[in-house]
Amino acid sequence: MLTTLILDFDGVIVESIPLKTVAFRKIFSFAPPEHLDEIIEFHLENGGMSRYDKFRHIYKNILHEDLTPEQEERLADEYVGLIFDAMLTVPYVEGAEGLLRECSRVLPLYIVSATPEGEMHEIARRRDLTKYFVRIYGSPKTKAECIREILVETGAAPGGALFVGDAPNDWEAAYETGVRFVARIRPGDSNRFSGRPGVEGIVDNLHELREYLRGSVCSSRSHTP
């Protein structure tokens with residue numbers, strides 16, 4: 001029986017991955033073309049990683065340069081300047097609003113995002129999403145740390161909690177903590193979860209997630225008299 005639903009934000013609730021990819025390409029536009037392609041590939045493969053961890057990996061392993069704290073903050077400030085206003089209006093993943101309305105009536109819902117927590121709270125507040133969630137988590141805590149806190153807070157067994165994510169890092173957090181995992185893959189994107197144990201479902205959108213959960217708790221049938 002599902003007792004707790006945990007959702008990633010980017011790529012699960014809102015269609016923000018293209019926006020953030022354009023911003024990443026812009027802030028690293030100084031890199032040689034072959035490095036820039038590798039940077040973007042790394043960014044896309046690690047959607048569940050905080051931007052600061054991405055910056056450090058890119059400088060150390062792709063650019064092979066030192067990254068000073070001042071450079072790191074300049075990159076972060078430029079990145080936020082490129083995305084923040086757009087994050088307030090970027091479209092929802094199809095079916096997201098209906099799923100949040102329904103499931104929040106019958107389940108504790110949580111956001112676990114790699115976005116810095118203060119920024120994630122502000123985006124959720126300004127999009128009027130906070131009413132749906134018991135708590136909204138963000139970096140610098142890892143997603144696995146956030147999930148463990150949720151399990152302690154709710155008293156849920158790992159098998160009673162479901163995490164919905166769109167990146168291999170999300171699967172890793174679910175696998176590490178023992179919670180169930182459903183992957184959201186945008187139409188046209190490759191399946192980066194093939195062969196990974198414990199992926200119990202794949203959905204294109206959140207209408208499909210509602211159908212997947214139908215007969216559990218997040219459906220009109222579950223609370224119709």
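The values are calculated or read from the model by the stated rules, or taken from the named source; none is laboratory data. These figures come from a predicted structure and were not determined experimentally. Using ideal geometry, Cβ is built from the backbone for each residue, glycine included, and neighbour counts are taken over all protein chains shown. Please note that ligands, DNA and RNA were not included when accessible areas were found on the heavy atoms of the full protein model with its side chains. Shrake-Rupley method; radii C 1.70, N 1.55, O 1.52, S 1.80 Å.
Counting only the backbone N, which residues of the range 96-110 are under 20 Å from the spot 7 Å out from the Cα of Thr130 toward its beta-carbon? Zone members listed by number: 97, 100-101, 104-105, 108-110.
Give me the mean projected area, in nm² to one decimal, of the convex hull enclosing the Cα positions of the chain. Display every interim value, and only then the final one.
Details: hull surface 49.6 nm².
It is 12.4 nm².
Entry note, the chain: relative contact order of 27 percent, from Cα contacts under 8 Å with a spacing of 6+ residues. Rolled with a 1.4 Å probe across the full set of protein chains, the surface gives Thr3 an accessible area near 60 Å².
Considering only protein heavy atoms and a 1.4 Å probe, what is the carbon-and-sulfur percentage of the accessible area of the range 57-132?
Details: 1710 of 3790 Å².
Heavy-atom surface of the range 57-132 belonging to carbon and sulfur, 1.4 Å probe: 45 percent.
Starting from the amide H of Leu7, placed 1.01 Å from N in the peptide plane, find each other amide H under 5 Å away whose residue is 5 or more places distant or on another chain. Under 5 Å from the amide H of Leu7 lie the amide H atoms of Tyr110, Ile111, Val112, Val164, each far enough along the sequence or on another chain.
Size descriptors for the range 22-72, from the alpha-carbon set: Rg then Dmax equal 10.1, 26 Å.
Probe of 1.4 angstrom, ligands and nucleic acids ignored: what's the accessible area per residue over the chain, in square angstrom? Please report the intermediate quantities before stating the final value.
On the way: 10380 Å² over 225 residues.
Accessible surface, normalised per residue, equals 46 Å².
Using every pair of distinct Cα positions in the range 63-135, the Kirkwood expression returns a hydrodynamic radius of 14.5 angstrom. Given Asn46, Leu107, Gly201, which one lies farthest toward the positive end of the charge dipole of the chain, if we put +1 on the Cβ of every Lys and Arg and -1 on the Cβ of every Asp and Glu? Towards the positive end, the residue furthest out is Leu107.
Just to confirm the filter: which GluC sites (Glu not before Pro) across the range 65-155 are DSSP coil and have at most 13 other Cβ within 10 angstrom of their Cβ? Walk me through the intermediate numbers first.
Working: sites: Glu65, Glu70, Glu72, Glu73, Glu78, Glu94, Glu97, Glu102, Glu117, Glu119, Glu122, Glu145, Glu149, Glu153; in loops: Glu65, Glu94.
Counting only loop positions with at most 13 other Cβ atoms within 10 Å, the GluC sites (Glu not before Pro) in the range 65-155 are Glu65.
Once the Cα atoms are used to define both axes, helix 96-106 deviates from the longest principal axis of the chain by about 50 degrees.
Suppose the chain between Gln71 and Glu149 were pulled fully straight at 0.36 nm per residue; how much longer would it get relative to their current alpha carbon spacing? All intermediate terms of the calculation are to be shown ahead of the outcome.
Working: separation 78, 0.36 × 78 = 28.08 nm, distance 3.22 nm.
Full extension from Gln71 to Glu149 adds 24.9 nm.
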